[in-house]
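These notes are about the structure you will find just below.
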Amino acid sequence: MEDDLNWAIGGEAGDGIDSTGKIFARALSRAGRHVFTSKDFASRIRGGYTAYKVRTSVDRVESVVDRLDVLIALTERTIDENLDELQEGSVVIYDGEQTTMADVEVPEGMIGLEVPLNSLAEEAGGAIMRNVVALGAASEVAGFPVEYLDEALVKRFGEKGEAIVANNREAARLGRDFVRKETDYSDEFSLETTDEDYVLLNGDEAIGMAAIAAGCRFYAGYPITPATDIMEYLTGRIEEFGGAVVQAEDELSAINMALGAARAGARAMTGTSGPGIDLMSETFGLVATSETPLVIANVMRSGPSTGMPTKQEQGDLNAMLYGGHGEIPRFVLAPTTIGECFDRTVEAFNLAEKYQIPVYLTADLALAVTEQTYSPERFDMESVEIDRGKVVDPDGVEEWLDEKGRFRAHAATEDGVSPRALPGTPDAAHMTTGLEHDELGRRTEEEDVRVEQVQKRQRKVETAREREDFDHREFGDPDADTLVISWGSNEGAMREALGMLEDRGIDVRFLSVPYIYPRPDLTDEVESAEDVIVVECNATGQFADLIEHDTLSRVQRVTKYTGVRFKADELANEIEAAIADERAPQEVKR
Amino acid sequence: MSSDTHFTDFKSDKQPTWCPGCGDFGTMNGMMKALAETGNDPDNTFVVAGIGCSGKIGTYMHSYALHGVHGRALPVGTGVKLANPNLEVMVAGGDGDGYSIGVGHFIHAVRRNIDITYVVMDNRIYGLTKGQASPTSRQGFETATSPDGTVEPPVNPQALALAAGGTFIAQSFSSDSQRHTELVKQAVEHDGFGFVNVFSPCVTFNDVDTYDYFRDAIVDLDETDHDPGNYQAARDKIMDPSTEHIGILYQNEDSVPYSDREGIDENMADIPEGAPERADRLVREFY
């Protein structure tokens, strides 16, 4: 990639790493450069290594690579943690005046740049601005004007008043000037700027924004990493659109509140991560049986149990597909990019209401908590369409009354979708229940009614298969013998890996699948390939199992469950090895 | 809302399968009367029920209703009410549903002061599963799962509610139809979380907390000098579980429901006017 720079700031959790990284990312975005960020972090609020990484280019960036050009190291450990990614010519900025950094030895071949971050920050008005001094130094190293940092500083500190902004600007300039005047550092990098306007957002934010655009007015949730950002995003914004966010006492309550709001007729949503979907699974069945439209965001993290709460994994696929006792019709959507988080969220609300069904909307951690630049037109509100399905207005009630004048809320229609009367609609009062029920929503154990209701609920899924476009996206060489299939956030890294593989003479056809259930039938694609490799971030290859099940073929698995997302170069190597490898397709590696 | 609603309008055509003599008949009748007498009708009423004998109520009443999972009726009622404040929301549960599996939600619903009515049909036994000790069973109560008598003291629901900041705490007796109806009605009219624990005897599995027992033991607070607005007096009454009080134990006349504090007053069933286009400014926030 042209003009590609990999930058990071690392230190202790609690050092303000995240917000500092975001300022740098936003500055680059304001400079008309594309940005893709990633995070290494521990779940402890204070203590433990954490880093925010930014990859930037004038071209779109969709993934991270195993390379670091500029590192701001607030701790010695930061350098150790990144030794594999630092290379000849990489610049390490650190404060040699700090006693903890006094013994730092920058490895051979790399450029160590000692900048007195603390002293300069104090000169600007306070040690708290240490990280901003570092950003100023980094902008000089990266060869990009410090003025772009100003805009990002206003965005970050504007609310705190002009004096604070001015001090931070000064801090950034002191950092820049120190590198310029007090070190013998000479231009290594020179970042081009453009006139493009980009927005910078993460997957959780894209989901939250899309929910509002789609008319969601009720969100109940319980704080859980990494889904909390959705709730925090909506709080303070959804109210301006006539909605409310409720912080529930637990996930059981959260999904039941959302269910209640949906029964009342609101577009409603809850969001959580793995432990939360376990707790919600009993009510999930009720949502499906009562045929209530509900969107449940599951931002995946490493499991099982508490697992690694701040680490990447795509391990909940089976839990979302099969979670809950009995047989539960459902949809599972899994956007593959931050931009697509927006599209699938809007779609999730429409699908939920059109088919009166629970919809899992799942993003993996790598999508949810890392930022990426987009052209603002990517989020085109004019194109957002709202389809509420078969909501019955007062004039339409009579058509759905039985001979005794009772509303048939679970009428076994041809397409499986029943009329939906929102509470308050005259003469349509009805109940529903988690018990098996008749079309009036009342308990029954009669065999024929049971069969009819099970079939009508399942029929909705078949209707959706016919009416909706649950398709995949295709990249690479359509005629290649090697077929790679992935889901979730791997798409970005895989797309970049395609170019690397092509350079090595390996042609690959790549399918990225955002629909887990219902999902596209890939039988033809799988049968026409020689090597089929399914890429995912879990140990057993849960999506690979589905492909094998669907196509009655064996596939190879490239899996990763270290807690870190795939990087493009790493993935290229894995694909190459898988093609060359004679290992049994079922073998789980790494 | 129509003013000529009769309580039988809230009756479905499904015949209850409660045991003959079950206290739940009286409890339900009082709920229907209270709804009718407060000017509600089935089309603007939402009943939420949990699991247990009490859970069947949604089937026997006629209104918008959800019969949910065990213990989660209050969160459902909370969601319904917040999404459409125009609806009259009545949540029914039993002592197992409300004070055992759902006790966490009970405390938080009280604390939030959601403007709904919560009627607990307290029979001090698990009836639907045929006679196991419940959280309100007396200590020493002998059941299939406690053949030597329960060793746990019963919970004190009113004390939980008071500690959680309850604003309307009452108790009634299902067979005292007029008084029970009146108390549920006051709970409906209360601006906030109206909680009524109802002695609703189980004639099949509880031979201790019987109609006769309650008739003898009950002290009606209306026949005492109790002032429900007096917090200290309410606390003293509530912390004396040896007396079976009926009446309003505590009512905070200054109660402000959650929705008022949060400024929630619209029916969220409608998509906000021009939602997608207006959301355009959200994109610009990300510059």
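The values are calculated or read from the model by the stated rules, or taken from the named source; none is laboratory data. Predicted model, so just to flag it, every value in this text is computed and none were measured. Here the Cβ positions follow ideal geometry from the backbone for every residue, glycine too, while neighbour counts run over all protein chains shown. Ligands, DNA and RNA are excluded from the accessible area calculation, which covers all protein heavy atoms including side chains. Shrake-Rupley method; radii C 1.70, N 1.55, O 1.52, S 1.80 Å.
Data table
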{"item": "Rounded to the nearest 20 debye, dipole of the range A:1-115 from Cβ charges on Lys, Arg, Asp, Glu", "result": "820 debye"}
{"item": "Percent accessible area from carbon and sulfur atoms, the range A:473-580, protein chains only, probe 1.4 Å", "result": "44 percent"}
{"item": "Between the range A:546-562 and the range A:174-239, the alpha-carbon center distance in angstrom", "result": "34 Å"}
{"item": "Segment A:Y322-A:E159, length gained on full extension (0.36 nm per residue, minus Cα span)", "result": "54.0 nm"}
{"item": "Stokes-Einstein D (µm²/s) once Rh is taken as the Kirkwood radius of the range A:5-197 over alpha-carbon pairs, at 10 °C in 1.306 mPa s", "result": "97 µm²/s"}
{"item": "J(HN,Hα) series, the range B:52-59, from Karplus relation 6.51 cos²θ - 1.76 cosθ + 1.60, nearest Hz, glycine and proline x", "result": "x, 4, 4, x, 6, 4, x, 6"}
{"item": "Carbon/sulfur fraction of accessible area - the range A:102-160, other protein chains in place, 1.4 Å, %", "result": "44 percent"}
{"item": "Magnitude of the charge dipole, chain A, Cβ model with Lys/Arg +1 and Asp/Glu -1, debye to 20", "result": "2000 debye"}
{"item": "Cα centroid separation, the range B:183-224 to the range A:87-150 (Å)", "result": "72 Å"}
{"item": "Low-density loop cleavage sites - trypsin sites (Lys or Arg not before Pro) in the range A:362-445, where at most 16 other Cβ are within 10 Å (DSSP)", "result": "A:K404"}
{"item": "Which of A:L174, A:A412, B:M61, positive extreme of dipole for the protein assembly as shown (C-beta unit charges)", "result": "B:M61"}
{"item": "Longest DSSP-loop-exposure-free segment, GluC sites (Glu not before Pro), chain A, at most 12 other Cβ within 10 Å", "result": "A:109-326"}
{"item": "Within-9-Å neighbourhood charge of A:D427 [Cβ basis; K, R +1; D, E -1]", "result": "-2"}
{"item": "Value in Å of the Kirkwood radius, where the range B:1-111 supplies the Cα pairs that are averaged", "result": "14.1 Å"}
{"item": "Spatial separation of Cα centroids for the range B:109-132 and the range B:152-181, in angstrom", "result": "10 Å"}
{"item": "Residues losing 20 Å² or more accessible surface upon assembly, the range B:11-46, compared with the chain by itself, 1.4 Å", "result": "B:D13, B:K14, B:D43, B:F46"}
{"item": "Estimated buried accessible area (total), pair A and B, 1.4 Å, Å² to nearest 100", "result": "5100 Å²"}
{"item": "A:D177-A:E88 pseudo-label distance in nm [points 7 Å out on the Cα-to-Cβ vector]", "result": "3.7 nm"}
{"item": "Cβ-Cβ FRET estimate between B:E189 and B:Q139, R0 fixed at 25 Å, reported to 0.05", "result": "0.10"}
{"item": "Per residue, the convex hull volume that the Cα atoms of the range A:370-464 enclose (Å³)", "result": "181 Å³"}
{"item": "Residue among B:V256, B:V47, B:V151 with the largest mean-square fluctuation in a Gaussian network model of chain B, springs linking Cα atoms under 10 Å", "result": "B:V151"}
{"item": "Fully extended contour minus Cα-Cα distance, from B:D225 to B:R284, at 0.36 nm per residue", "result": "14.9 nm"}
{"item": "Proximal charge balance of B:M268 [Cβ under 9 Å; K/R count +1, D/E count -1]", "result": "0"}
{"item": "Accessible surface of A:I579 - all protein chains present, 1.4 Å probe, nearest 10 Å²", "result": "50 Å²"}
{"item": "3J(HN,Hα) from dihedral phi, the range A:549-556, Karplus parametrisation 6.51/-1.76/1.60, rounded to Hz, x for glycine, proline", "result": "4, 5, 9, 6, 10, 8, 10, 8"}
{"item": "Kirkwood-based Rg to Rh ratio, the range A:473-580, C-alpha trace", "result": "0.92"}
{"item": "With eigenvalues of the C-alpha gyration tensor scaled by 5 and rooted, chain A, Å", "result": "47, 29, 19"}
{"item": "Heavy-atom accessible area ranking, 1.4 Å probe, most first, across B:Y213, A:Y360", "result": "B:Y213, A:Y360"}
{"item": "Over chain B, equivalent-ellipsoid semi-axes from the Cα gyration tensor in Å", "result": "33, 21, 20"}
{"item": "Computed E for B:C19/A:D59 - FRET, C-beta separation, R0 51 angstrom, nearest 0.05", "result": "0.10"}
{"item": "A:V391/A:H549 FRET efficiency (R0 45 Å; Cβ-Cβ; nearest 0.05)", "result": "0.80"}
{"item": "Selected from B:T145, B:T167, B:T210 as most flexible by GNM, with chain B as the system and alpha-carbon contacts under 10 Å", "result": "B:T145"}
{"item": "Nearest-20 debye value, the range A:473-580 charge dipole, Cβ charges on Lys, Arg, Asp, Glu", "result": "560 debye"}
